[in-house]
Amino acid sequence: MAKPSDLTRPPDLTHERRTGPFRTQRPIYRDLLPPCNDTCPAGENIQAWLDAAQAGRFEEAWRILTRDNPMPAVHGRVCYHPCEDACNRRYLDQPVSIHAVERFLGDLALESGWTFEPAPPSGKRVLVIGAGPSGLSAAYHLARLGHEVEIHEAGPVAGGMMHFGIPAYRLPRDILEGEVARIAAMGVTMVFDHKVEDLLAEQEAGGFDAMFVAVGAHLSRRTEIPARDAGGILDAVSFLRGVDAGAPPQIGRRVAVYGGGNTAMDAARTAKRLGATEALIIYRRDREHMPAHDFEAQDALEEGVKIHWLRTIKAIDRTRFTVERMEIGPDGRPRATGEFETLEADSLILALGQESDTAFMRGIPGVEFQDDGTVLVSESMMTGYPGLFAGGDMVPAERTVTAAVGHGKKAARHIDAWLRGGVYERPAKNPLAGYEKLHVWYSTDAPQQAQAQLEAESRAESFEEVVKGLSETEARYESRRCLSCGNCYECDGCYGACPESAIVKLGRGKGYEVKDALCTGCAVCYEQCPCHAIEMIPEAETAQDKVTVLVR
């Protein structure tokens, strides 16, 4: 009698993912979420506008971008581009220079005079307090939704800290003013030199149906430093504001800046441009733990700014500063060493952070505050007072221009829903397209297109913009470096690879479809798709999952 092991088993025709008698899986086209889109604080559809830009459809790219962010020329200069930190291209060579392409589109829009489309009026009025990035963003999105918007701003011009806190060598004022003017042209009314003291009275007097408050953080934090006869002590915000207004304070030849954030770097670089022969930054932690971005410190060092790491000011006697050396302890925090040294400076600029002036909201019923004075808001950006929303630096969140613009957009959507008697529900996010999902079989030699800069030796001689923009050729090149993570860009790879001719092209911009009767489930289309726009699902899943991909 033959043993089972002696019998020749029939061939298994289904164990390999090739043509066989039974299909156990089949491909479907799905959109995933690119990491750049996921990390953008303003919620831009970055991959979509990069796709249009690489094809030279620049106005289309700009319009896709401005659905989420009305000021791309500003953001292309001042955003710290966390999208690039998440870009999957960094695993191949360098991330796509997203902010540089965004700046190109923003500048081109200003040069070309592109404007926003008007919306049918809703009959609702919204009051916005503060014409900074968050207030401008909210006003823009509310206007696009058809609401009448009026901004009340305590300062003489729009822009908030973009105007008074970011030096002109980083953000030229004509660029900021051009993008603000485009928002105003939508019918947004801006009332300047109008500080709000009684918010509810303002609402009643203007007949506003809802309010959004975004007053920013314009008050400098103070610190107690023993001083027998202190020289000139300024706060960084007032210093930068005075420079912007054309009335810079007297700072002397030697200037010290106390702090380690981006504002401290800006203050020191500005002091050099005002003629200071020596500008030094004093900061209690090391470079690795400073709040400023590393490239900000590098730019300052290149311009001749000196940085004294691990130092804290203990006393001031006229122009002499007694500082104590610090060291980083095992917990990663600075601690005193008991060692002291003396530094000389004619003036001291304090750059220890900013706070919001929210005192005018203290008496409003239902409004709650944190210990640091920031206003508590719900997920919808609404305070405890119905119809009163808040955002930007005055709420607990990251304090950047892009985060503030994201707050304005989010608040506008919730305000719109509230005015219409509903609730805004954000669409569910698609799964993230991490680098591990991609099938990048080869990569081209395509390093990042560097933006030209003024020579370091001459930068500190004027307030001329330091970083230059991309040309059209450079912008298209940089856009083409995008891997289109998680979304089909019609490369025809699946169409050409299918051994059964089961992939059907539906026409430009319409993607592909799988002919169910011809597909064997071999997964060749899936394995070659460089951006993971195809997934294999078990045959048992319902036919309703079969979809046609649409290129955005």
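Any residue in segment 377-394 that is over 15 Å from residue 363 (Cβ atoms) sitting within a Cβ distance under 8 Å of a residue that is acidic (Asp, Glu)? List the pairs, counting only those 6 or more apart or interchain. Note: pairs meeting the criteria are 387/209. The criterion of at least 3 residues that are charged (D, E, K, R) is met, among helices (runs of 4 or more DSSP H) falling completely within segment 33-94, by 58-65.
In segment 132-157, the qualifying residues are those that are in a loop (DSSP other than H, G, I, E, B) and out of contact with any strand residue (DSSP E or B) (no Cβ under 6 Å at 6 or more places or on another chain), and the one that is surrounded by the fewest Cβ atoms within 10 Å (Cβ to Cβ) is 156. Answer yes or no as to whether residue 187 is small (Gly, Ala, Ser), assigned by TED's automatic domain parsing to the domain that holds residue 393, under 16 Å from residue 151 (Cβ atoms) and in contact with a Pro (Cβ under 8 Å, 6 or more places away or on another chain). So residue 187 passes the test. When segment 342-367 is filtered for residues that are outside any strand (DSSP E or B) and in contact (Cβ under 8 Å) with a residue 60 or more places away in the chain, the ones remaining, listed by number, are 345, 346, 351, 352, 353, 356, 357, 358, 360, 361, 364. Count of segment 277-300 residues, restricted to those that are within 14 Å of residue 266 (Cα to Cα) and among the acidic types (Asp, Glu), is 3.
Can you find even one residue in segment 372-392 that is farther than 16 Å from residue 200 by Cα, assigned to a helix (DSSP H, G or I), at pLDDT 95 or above and touching a strand residue (DSSP E or B) at 6+ places or on another chain (Cβ under 6 Å)? No, segment 372-392 contains no residue that is farther than 16 Å from residue 200 by Cα, assigned to a helix (DSSP H, G or I), at pLDDT 95 or above and touching a strand residue (DSSP E or B) at 6+ places or on another chain (Cβ under 6 Å). Does segment 260-282 contain any residue that is of a type outside the set (A, V, I, L, M) and more than 22 Å from residue 466 (Cα to Cα)? Within segment 260-282, not a single residue is of a type outside the set (A, V, I, L, M) and more than 22 Å from residue 466 (Cα to Cα). For beta carbons closer than 8 Å, sequence separation of 6+ or different chains, a first residue in segment 417-439 that is touching a residue at least 12 places away in the same chain (Cβ under 8 Å) and exposed (fewer than 15 other Cβ atoms within 10 Å of the Cβ) and a second that is part of a strand (DSSP E or B) and of a type outside the set (D, E, K, R), the qualifying pairs are 429/33; 431/33.
Within segment 309-324, the residues that satisfy the criterion of being surrounded by 17 or more Cβ atoms within 10 Å (Cβ to Cβ) and in a strand (DSSP E or B) are 311, 312, 313, 316, 321, 323, 324.
Taking every residue in segment 185-209 that is surrounded by fewer than 12 Cβ atoms within 10 Å (Cβ to Cβ) and pairing it with any residue that is assigned to a helix (DSSP H, G or I) and at pLDDT below 95, at least 6 positions away or on another chain, the pairs with Cβ-Cβ distances below 8 Å are 197/360. Within segment 43-63, being closer than 17 Å to residue 95 by Cα and surrounded by fewer than 20 Cβ atoms within 10 Å (Cβ to Cβ) holds for one residue alone: 45. Is it true that residue 246 is part of a loop (DSSP other than H, G, I, E, B) and at pLDDT below 95? Yes; evaluated as a whole, the condition is true for this residue.
Scanning segment 285-310 for residues that are more than 25 Å from residue 253 (Cβ to Cβ) and out of contact with any helix residue (DSSP H, G or I) (no Cβ under 8 Å at 6 or more places or on another chain) turns up 285, 286, 288, 289, 295, 310.
The values are calculated or read from the model by the stated rules, or taken from the named source; none is laboratory data. In this text, all values refer to a predicted model and were calculated from it rather than measured experimentally. Positions of Cβ are backbone-derived with ideal geometry, glycine not excepted, and every protein chain shown enters the neighbour counts.
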